[in-house]
Amino acid sequence: MASPQVIRDAAAMRAWSRELRRQGKTVGFVPTMGYLHEGHISLVKAAGEQCDVVAASIYVNPTQFSANEDFGVYPRSEAEDLRKLAEAGCAAVFMPAALYHPGSNGSGSAANAAMVVGASDAVDPEAHETWVSVERLSQGLCAKTRPHFFRGVCTVVTKLFHIVEPDAAFFGKKDYQQWRVIQRMVRDLDMAIDVVGMPICREADGLAMSSRNALLTPEDRQRCICISQALAAACEAAVAGTTSAAAELQRQVADAIAAGGGRVDYVEVVDARTLRPVEDVKGCEALIAVAAFYGKVRLIDNVDFTA
Ligand SMILES: Nc1ncnc2c1ncn2[C@@H]1O[C@H](COP(=O)(O)OP(=O)(O)OP(=O)(O)O)[C@@H](O)[C@H]1O
Ligand SMILES: CC(C)(CO)[C@@H](O)C(=O)[O-]
Ligand code: BAL
């Protein structure tokens, strides 16, 4: 169980990957924000099965947070993360202190490492002014509450792809819209990377694993179980043909979450590929996607099915 090689410098990361590819090996890549759990590890293992070597990254990207979000309290656990990555067979982990050029306002390295108010404006526009946006797919769902989010994600993922130069990159379907957005970005911009979406890993009681679960109070940790329960019930009703009207499925899930003590951000029933709203799920590859707040912690979950 060798520890992954820790690489903090972009040029060194690129050299590592190029050398392996020169040797004829394929490189699988798992981008993360750290505080790793079984969901992340399932991506590392899938990458190991599909590629010759696996690189992960750990970087809490300030540009996908707005100033009122949880950048400053985002959980971190470097030593434990390295142990888990070693166990999963990860060969290298890219952990940059900063990924944006430092600006004259002190953003950049300081912003990435120590800033307590995260945010797009942590990056000095004089020092960094190039952004990647997937226009329509990045609207709706999570973007309603986090309008800055996908531009930050697409930009940092593009930077990571250029640094790591992987053959394939692995994303979890817990962040379903993110996976679809990145798949689209790679297709539209002709990036030669296979984007692989992997199933959601859940706790024994059904809660989707998420680094942010660590921020929940014990009471909210109990309350939020109703998210996955409501989604499973709606999926069952849709597949059985008992309920196919999107509005009814939406109402059932939203009511169950609210009754369970969550504050619903959104519940949407959409086409799983286009993420456009559907009126009826019959005959359709559908997705019911949820975001809900428990205190300040915002959790997301979803279920996809063909009814
Ligand atoms: N439960 C899960 N099952 C499968 N993949 C997951 C799961 N949770 C996260 N991932 C995937 O791991 C990758 C890195 O995600 P990230 O580091 O943001 O973890 P996270 O648990 O989603 O964190 P957060 O709590 O901030 O949403 C993403 O592709 C994400 O979809
Ligand atoms: C893809 C990602 C690593 C970009 O910062 C992040 O959004 C995540 O962990 O899902
Ligand atoms: N898992 C996606 C990262 C975020 O919510 O900021």
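Can you say whether Val270 is touching a strand residue (DSSP E or B) at 6+ places or on another chain (Cβ under 6 Å) and assigned by the TED database to the domain that holds Ile300, as far as the supplied structure shows?
yes
So if I check each of Ala233, Ala238, which one is in the same structural domain as Glu268 (by the TED database) and open to solvent by less than 50 Å² (accessible area, probe 1.4 Å)?
Just one listed residue meets the conditions, Ala238.
Restricted to segment 26-44, and to residues that are within 11 Å of ligand 3 (Cβ to nearest atom) and among the hydroxyl-bearing types (Ser, Thr, Tyr), which residue is most open to solvent (accessible area, probe 1.4 Å)?
Checked segment 26-44; the qualifying residue most open to solvent (accessible area, probe 1.4 Å) is Tyr35.
On the basis of being more than 16 Å from ligand 3 (Cβ to nearest atom) and either assigned to a helix (DSSP H, G or I) or not assigned by the TED database to the domain that holds Arg187 (or both), does Ala292 make the cut?
no
Give segment 126-165 a look and list any residue that's of a type in the set (A, V, I, L, M, F, W, C), touching a Ser or Thr at 6+ places or on another chain (Cβ under 7 Å) and open to solvent by less than 20 Å² (accessible area, probe 1.4 Å), or say none.
Phe150, Cys154, Val156, Leu160, Val164
The values are calculated or read from the model by the stated rules, or taken from the named source; none is laboratory data. All values derive from a computational prediction rather than experimental measurement. Ideal geometry is used to build each Cβ from the backbone, glycine not excepted, and the neighbour counts take in all protein chains shown. When the accessible area is computed, the model is the full protein with side chains, heavy atoms only, and any ligands, DNA or RNA have been set aside. Shrake-Rupley method; radii C 1.70, N 1.55, O 1.52, S 1.80 Å.
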